[in-house]
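What follows is calculated from the coordinates using simple rules that are stated; it is not laboratory data. Everything quoted here is computed from the prediction, not taken from an experiment. Don't worry about glycine lacking a Cβ; one is built from the backbone with ideal geometry, like all the others, and counts go over all protein chains shown.
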Amino acid sequence: MGSLSHNFYGKLEIPVENVKQFYIYAGSNAMQDALDMARRIKMMTKNTPVSVVACDCKWAEKKEILADTDIPLLMCECGGQSFLGDLAEKILAS
Ligand SMILES: [Zn+2]
């Protein structure tokens, strides 16, 4: 899922107005980077909802990092693949 983070990172350089909702996956690898990125996107976009999707590995730590933000933390299974797959389908279907 590292490549997903990189994609999001790249997209930070382009206008974000067309994005309706950001989902950032925070695995146990690079979770700090992912959560920092969530904060940055939140600050940049203001009106666009930002959610962090994370498995329950180090859940308490992830919650702690986001404790002073209003970014929701959504739980998914380890790896997040099928959750994000479902999510993509929902976004495409809506
Ligand atoms: Zn996990």
Explain nothing, just compute: Karplus ³J(HN,Hα) = 6.51 cos²θ - 1.76 cosθ + 1.60, θ = phi - 60°, for every residue of segment 70-77 in order, whole Hz, x for Gly and Pro. 9, 7, x, 10, 9, 8, 9, 6
Among D70, D33, which comes first, second and so on when ranked by fewest other beta-carbon atoms within 10 Å? D70, D33
Between C76 and residues 5 or more places away or on another chain, which pairs have amide H atoms under 5 Å apart, with H built 1.01 Å from N, and which residues are they? A54, C55, D56
Please report K58, K20 as a ranked list, fewest other C-beta atoms within 10 angstrom at the top and most at the bottom. K20, K58
Exposure proxy ranking, count of Cβ atoms within 10 Å, fewest first, for M43, M37: M43, M37
How long is the gain from S51 to N29 if the chain were fully straight, where each residue apart is worth 0.36 nm and the alpha carbon distance is subtracted? 6.1 nm
